[in-house]
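For reference, the structure is listed below as structure tokens.
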Amino acid sequence: MSKNKNIAVENDATAKGVIAMLREIAIIGGGAAGMMAAIVAARNGANVVIYEKMNRVGKKILATGNGRCNLTNINLSHQNIGCLHSTNRDLVRNILKQFTVENTIDFFEILGIAHKVEAGGKVFPMSDQASSVLDVLRYEIDKLGISVLCDCEIQSVKKIKDQFLLKDQNGVEYRADRVIMVTGGMSSPSLGSNGSGYGLAKSLGHKVVKPFPALVQLKLESPFLKVIKGIKFDGEASILVDREALRKEEGEILFTEYGISGPPILQLSRSAVEALEYKKKPQLKIDMFPSHTHDELVALISLRLSYQYDRPLDFSFIGLINKRMIPIILKEAGIHHLDKLCSEVSNKEIRNIVKILKDWEFSITGSQTWANSQVTAGGIDVSSICPETLESKLVKGLFFAGEILDVDGDCGGYNLQWAWSSGYVVGNEATIK
């Protein structure tokens, strides 16, 4: 347990000489950031109400980490934010500095979530159940007396003098001294994120950076996809724009009927979709043998062919690559007589085959839908947000946190850490300002 765990688990408002004076805090959205903000604000002495349009809070948490909830990542800090993306990186640093990965782990340990660290610095609950995380958050919300109104979609927010007037889908009105908007982005709309918060923010004068799906499968242009769908392999993938490699990732890659998927593809997808948004033509380069150089692979295949000189060329690749891939690879390499004898294959043809195995390129035509994406890139323009408090520069008493902002992260717990950190900051600031 860290020495500074009190930042995450204790009511420090009194210690600061600040009293919330039973301030009414309206939190629009009951996801990860919203629940964190609610708990922090309630611990500071505020009356807190969560307005959630789904039939229960925290549904998206249950889907994170393939149902295990990747809570955070030990490699993330305010000094190392490369896995979080925003037009204002100083804002991201400021927020992570106020509520760190260590604070997050302490916060959940006190609530009852024992943790473990896995490959790549990913932090999971010892139970391997996302439901555990939601259970302890809901228990704390109940214990603190936080009001939760489910099936309640706030459709308008207005500032009238020193108070906010909120109205739901049934025309019911609510009042609050402070509003925290944590409605999420547009990813996984079935779990509550459909972009409704953007309209509320715009009505209060904020601009929205055009959202696009990130951590999403990619669509490719290729006549072979139906033939090779379902084939998976450990390889390396790169995104190229104007022949420049923007990013490279390794891991399990899966061909699908529409294109390509797998953890490396999800990590690369933001760069690809962003390029498409700017009307560029991104390419995907696949290396099926990242552990071999071109020359090493040429030597390996040449040796195989010498052993099997009297066999058909296509048969000689059985045991090296997936059988369904063999005719596709050979045709892509410009070899049309697939059953020619290995002894008849030229050195140039071998190098052409290696070129496909190491540098197979596809045109990226798009991505899967919002329903398939894990996170939203784009969102509320952070230039109109105070980088230390996440309070609106346009409307005093209005705060934003989580995925609704133009901040998004890679796979691996980075997006949830952003939710916890930004939720903590707005929950605290809304009660002490």
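Evaluated at q = 0.13 Å⁻¹, a Debye calculation over the C-alpha positions of segment 188-291 (equal weights, vacuum) places log10 I(q)/I(0) at -0.57. Once the mean of 1/r is taken over each pair of separate Cα atoms and inverted, the chain shows a Kirkwood hydrodynamic radius of 23.6 Å. Packing, taken as the mean count of other beta carbons within 10 Å per residue, orders the peptides 115-121, 37-43, 62-68 from highest to lowest as 37-43, 62-68, 115-121. In the chain, the portion of solvent-accessible area held by carbon and sulfur atoms comes to 49 percent [1.4 Å probe, whole percent, DNA, RNA and ligands not counted].
Checking the cross-link filter: which aspartates and glutamates have an alpha carbon closer than 18 Å to that of residue 59, excluding same-chain neighbours under 8 positions apart? Hits, sequence-local ones excluded: 128, 135, 140, 142, 151, 153, 403.
Its Cα centre serving as origin, segment 219-341 has a Cβ charge dipole (Lys and Arg +1, Asp and Glu -1) of approximately 400 debye. Label separation (residue 393 vs residue 320): 5.9 nm, computed from points 7 Å beyond Cα along the C-beta direction. Among the helices of the chain, those built from whole DSSP H runs whose Cα atoms reach 15 Å or more along their own axis and whose mean Kyte-Doolittle hydropathy is at least 0.5 are 32-43, 101-111, 294-307.
In this structure the amide hydrogen of residue 148, modeled in the peptide plane, comes within under 5 Å of the amide hydrogens of 50, none closer than 5 places in sequence on its chain.
Peptides 182-188, 323-329 ordered by packing proxy, namely the average of other Cβ atoms within 10 Å per residue, highest first: 182-188, 323-329. Normalised by residue count, segment 216-353 yields a Cα convex hull volume of 112 Å³ per residue.
For segment 29-106, treating each Cα as an identical point scatterer without solvent, what Debye log10 I(q)/I(0) comes out at q = 0.20, 0.22 1/Å? Cα-only, vacuum Debye calculation for segment 29-106: -1.11, -1.19. Evaluating 6.51 cos²θ - 1.76 cosθ + 1.60 at θ = phi - 60° for every residue in segment 394-409, the Karplus couplings come out as 9, 10, 5, x, 9, 10, 10, 7, x, 6, 5, 7, 6, 9, 8, x Hz, glycine and proline recorded as x. With K and R counted +1 and D and E -1, the other residues having a Cβ less than 15 Å from that of residue 339 yield a net charge of 0. Probing with 1.4 Å while keeping every protein chain in the model, the per residue accessible area of the chain equals 44 Å². Annotation: amide H-H contacts under 5 Å for residue 72 (H modelled 1.01 Å from N, sequence separation of 5 or more, or interchain): 123. Quote the Stokes-Einstein diffusion coefficient, in whole µm² s⁻¹, for segment 340-385, based on the Kirkwood radius over alpha carbon pairs, a temperature of 25 °C and a viscosity of 0.890 mPa s. Translational D for this selection: 157 µm²/s. Peptides 258-266, 25-33, 339-347 ranked from most to least packed by the mean count of surrounding Cβ atoms within 10 Å: 25-33, 258-266, 339-347.
Per-residue Karplus couplings for segment 308-313, computed as 6.51 cos²θ - 1.76 cosθ + 1.60 with θ equal to phi - 60°, are listed in order as 10, 4, 9, 9, x, 4 Hz, Gly and Pro entered as x. DSSP assigns beta bridges within the chain; of those with both partners inside it, close to 75 percent run antiparallel. Positive contributions from Lys and Arg (+1) and negative ones from Asp and Glu (-1), summed over other residues with Cβ under 9 Å from the Cβ of residue 270, come out at -2. Residue separation of residue 295 and residue 90 scaled by 0.36 nm, minus their Cα-Cα distance, works out to 69.3 nm of gained length.
How many percent of the alpha carbon pairs in segment 40-199 exceed a separation of 25 Å? Across segment 40-199, Cα pairs with separations above 25 Å total 42 percent. Once the Kirkwood radius over Cα pairs is known for segment 332-433, the Stokes-Einstein relation at 37 °C and 0.692 mPa s delivers a diffusion coefficient of 179 µm²/s.
What the Cα atoms of segment 19-64 give is an Rg and a Dmax of 11.4, 37 Å.
The values are calculated or read from the model by the stated rules, or taken from the named source; none is laboratory data. Please read all numbers here as calculations on a predicted model, not as lab measurements. Glycine also receives a Cβ, built like all others from the backbone with ideal geometry; neighbour counts cover every protein chain displayed. Accessible surface areas use protein heavy atoms only, side chains included; no ligands, DNA or RNA. Shrake-Rupley method; radii C 1.70, N 1.55, O 1.52, S 1.80 Å.
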